[in-house]
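The values are calculated or read from the model by the stated rules, or taken from the named source; none is laboratory data. Remember, it's a predicted structure, so these values are computed and weren't measured experimentally. Reconstructed Cβ throughout: ideal geometry from the backbone, glycine too, with neighbour counts over all protein chains shown.
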Amino acid sequence: MTVHLTHFSAAFVFALFASIVFGITHRETTRDMVRYGLYCFAMFMGGVLLAGWAMWLIRR
Amino acid sequence: MANQTTAKSKAAEPAQPVSTMSVIAPALGWLIPGAGHMIQKRWIRGVLLLVSIGTLFVLGLMMQGHIYKANGGDILDILGFIGDLGAGGLYITTLTMNWGQGAIAFAIADYGTKFMIVAGLLNFIAVADAYHIAIGKKQ
């Protein structure tokens, strides 16, 4: 069975699961874990969108 | 001067007791992602780690990613092997079943390879976290 993800969905899945692990392992309390996980996810996705738009601008 | 600093830092940090749990939790956590947390009754964290690392690794395989074997060749191949090795039982099962041996034919397959390496590296972090819980450094 083969899975074909788009570039964006692959980045989304990667950011989601990596953020969960970072949140759990890098903070002490549950509240801090959730906050740090959300922060990491936002940074991952923000980086993806920023890089995507930068490449779009370079291509033009 | 340097010796004094080293001596002070050694005195400030008490030696961590080596308990059975501090050996079993990381070993089990390496073999089964999240199990090092579950054995210490951190059920939710353990399940989340298992789902996250497991899904990344399995998705990588399903995206036709390549799995690295022990090798002494190119430095990137060696680093790929170290990353894959972190996934523990998932890596051993994959090798045993002879999965992930295809050539990388398209971009998404290369993503799959990276997914599996990152899953292994994330499991290394989870193992270190399980150890810190076992020695009482973290709740």
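Step by step: first the residues of the range B:114-130, then only those that are surrounded by fewer than 24 Cβ atoms within 10 Å (Cβ to Cβ) and within 7 Å of chain A (Cβ to nearest Cβ), then the one that is farthest from B:V47 (Cα to Cα). Which residue is that? It comes out as B:V118. Of all residues in the range A:33-52, none satisfies being in contact with a Leu (Cβ under 6 Å, 6 or more places away or on another chain) and in a helix (DSSP H, G or I).
Of all residues in the range B:39-55, those that are within 21 Å of B:V23 (Cβ to Cβ) have Cβ atoms under 9 Å from Cβ atoms of residues that are hydroxyl-bearing (S, T, Y) and in a helix (DSSP H, G or I), 6 or more apart or on another chain, in B:R45/A:T25; B:L49/A:T25. Of all the criteria given as (1) in contact with a Cys (Cβ under 6 Å, 6 or more places away or on another chain); (2) away from chain B (no Cβ under 14 Å), the one not satisfied by A:S19 is (2).
The single condition from (1) charged (D, E, K, R); (2) within 22 Å of A:M33 (Cβ to Cβ); (3) at pLDDT below 95 that B:R42 fails is (3).
Starting from residues that are under 16 Å from B:F124 (Cα atoms) and within 14 Å of chain A (Cβ to nearest Cβ), keep the ones in the range B:62-90 and report whichever is farthest from the chain's Cα centre (by Cα). Taking the candidates together, the pick is B:L90. Taking the conditions exactly as written (more than 29 Å from B:Q40 (Cα to Cα), among the hydroxyl-bearing types (S, T, Y) and either in contact with a Phe, Trp or Tyr (Cβ under 8 Å, 6 or more places away or on another chain) or within 12 Å of chain A (Cβ to nearest Cβ) (or both)), does B:Y111 satisfy them or not? So B:Y111 fits the description; yes. Suppose we keep only residues that are in contact with an Asp or Glu (Cβ under 7 Å, 6 or more places away or on another chain) and in a loop (DSSP other than H, G, I, E, B) within the range B:63-117. Which one would you say is farthest from A:T6 (Cα to Cα)? The extreme case among them is B:N71. Take B:D84 and decide whether it is acidic (D, E) and either at pLDDT 95 or above or buried (at least 24 other Cβ atoms within 10 Å of the Cβ) (or both). Yes: the conditions hold for B:D84. When restricted to residues that are of a type outside the set (G, A, S) and either crowded, with 22+ Cβ neighbours inside 10 Å or over 26 Å from A:T30 (Cβ atoms) (or both), the range B:32-67 contains 15.
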